[in-house]
Amino acid sequence: MIPFLDLRAAYLELKHEIDEAVSRVLNSGWYILGPEAEAFEAEFADYCGTAHCVGVANGLDALTLALRALEVGPGDEVIVPSNTYIATWLAVSDVGATPVPVEPAPATHNIDPARIEAAITPHTRVLLPVHLYGQPADLDPILAIARQHDLNVVEDAAQAHGALYKGERIGGHGDIVCWSFYPGKNLGAMGDAGAITTNDADLAERIAMLRNYGSREKYVNEVRGVNSRLDPLQAAVLRVKLKVLDKWTERRRAIAALYSEHLAETGLVLPAVPEWSDSAWHLYVLRSPRRDALQAALKEAGIGTLIHYPIPPYRQQAYADLGFANEAFPIANQLAGEVISLPMGPHLQFKDVEKIVREVRSAV
Ligand SMILES: *Cc1c(COP(=O)(O)O)cnc(C)c1O
């Protein structure tokens, strides 16, 4: 059996350091925010090359708090990709605003900057690109459109830890960049965790206040905030894993290169990587009109695959009230029917990659 992702292997590689870090927190007697959370915030900001990082409870909260900090609310519109994980949309709905979908460039699966302006209305407040599968969205044109129309840019970087756009790490391009450290992400905790990074001190401070009951000073609450604090136990684990993130990303890159080399002649649509992009290879996503048959054949051969994502947010029952027809976003719809993610992770063995390649080739 080759699992889609082996999270236990990641723990075993770092067992000594992680056990020590967890024990350090347990022995400190300090279990909410505090020095461990602050140390991770400083180290992750440094890694991203940004001035500030604020740890929160998960990636969805990072997105929601980013929008709240920008005072996005009812009556406002936020431009989101038509194909993304539903969290991107849920954050917009959570603050009472309306998600306005824009189709991706089919080759990269990322929001197509050329389609954004047509979706802008007088109610638009924020552009919310997603670096889907670890591959940066084309940020320069997105930032230029935002400047021209006086909009903010919030990035959903939940899949893009360590990805580079034109040689520069994701983390400080837009006004606020949102991170998830869900265990399966490239930088993953042993539970839920998230963060925002930004170069704007006021926004960072505002999010730090919002995540902690709307309070800067204990028992003094200036706004109705939430409880969405980064757990110091998770921060301690993340500090250990941050040290190996680049090494693990290299390994992902090597696996992706092997897949792309050995699947080149199969007729499958392989991931396209623009020359300005250095993907973090969170996922290796193929496309095939016979995707379901391919997935079944791989399952038969003991190879775990996943579909990211089978139903685009605009077709989910959760968004039925927006009234989109099934064919309203044909690119997102087609991608949802054709994508399949092969096993990918820093602990996937090269001999297993060879077996996966063999099985894919014999299945198509
Ligand atoms: C994982 C993910 C999120 C949400 O992160 P959680 O930590 O699970 O809340 C948001 N957006 C994208 C694109 C994701 O992949």
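The values are calculated or read from the model by the stated rules, or taken from the named source; none is laboratory data. All of these numbers come straight from a predicted model, not from anything done at the bench. Every residue, glycine as well, gets a Cβ built from its backbone with ideal geometry; the counts of neighbours run over all protein chains shown. For the accessible areas, the whole protein counts, side chains as well, though only heavy atoms, and no ligand, DNA or RNA atoms are used. Shrake-Rupley method; radii C 1.70, N 1.55, O 1.52, S 1.80 Å.
Here are the numbers for the structure shown:
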quantity: Inter-residue pairs, beta-carbon under 6 Å, first part of a helix (DSSP H, G or I) and in region 56-71, second within 8 Å of the ligand (Cβ to nearest atom) and not hydrophobic (A, V, I, L, M, F, W, C), 6+ apart; calculated: 59/180; 59/194; 61/194; 62/194
quantity: Qualifying residue in region 211-221 (condition: open to solvent by less than 10 Å² (accessible area, probe 1.4 Å) and at negative phi); calculated: no
quantity: Single residue of region 5-63 satisfying the filter (under 25 Å from the mean Cα position of the chain (by Cα) and among the acidic types (Asp, Glu)) that is nearest to the ligand (Cβ to nearest atom); calculated: 61
quantity: Sole exception among (1) within 22 Å of residue 267 (Cβ to Cβ); (2) of a type in the set (D, E, K, R); (3) touching a strand residue (DSSP E or B) at 6+ places or on another chain (Cβ under 7 Å) for residue 352, by number; calculated: (1)
quantity: Hits in region 104-117 (condition: free of Cβ contacts under 8 Å to residues at least 40 places away in the same chain and either open to solvent by less than 30 Å² (accessible area, probe 1.4 Å) or not in a helix (DSSP H, G or I) (or both)); calculated: 105, 110, 111, 112, 113, 116
quantity: Any chance residue 101 is touching a residue at least 12 places away in the same chain (Cβ under 8 Å) and under 24 Å from residue 164 (Cβ atoms); calculated: no
quantity: Some residue of region 70-91 being more than 16 Å from the ligand (Cβ to nearest atom), closer than 21 Å to residue 313 by Cβ, among the small types (Gly, Ala, Ser) and open to solvent by 20 Å² or more (accessible area, probe 1.4 Å); calculated: yes
quantity: Yes/no for residue 96 being within 16 Å of the ligand (Cβ to nearest atom) and at pLDDT 95 or above; calculated: no
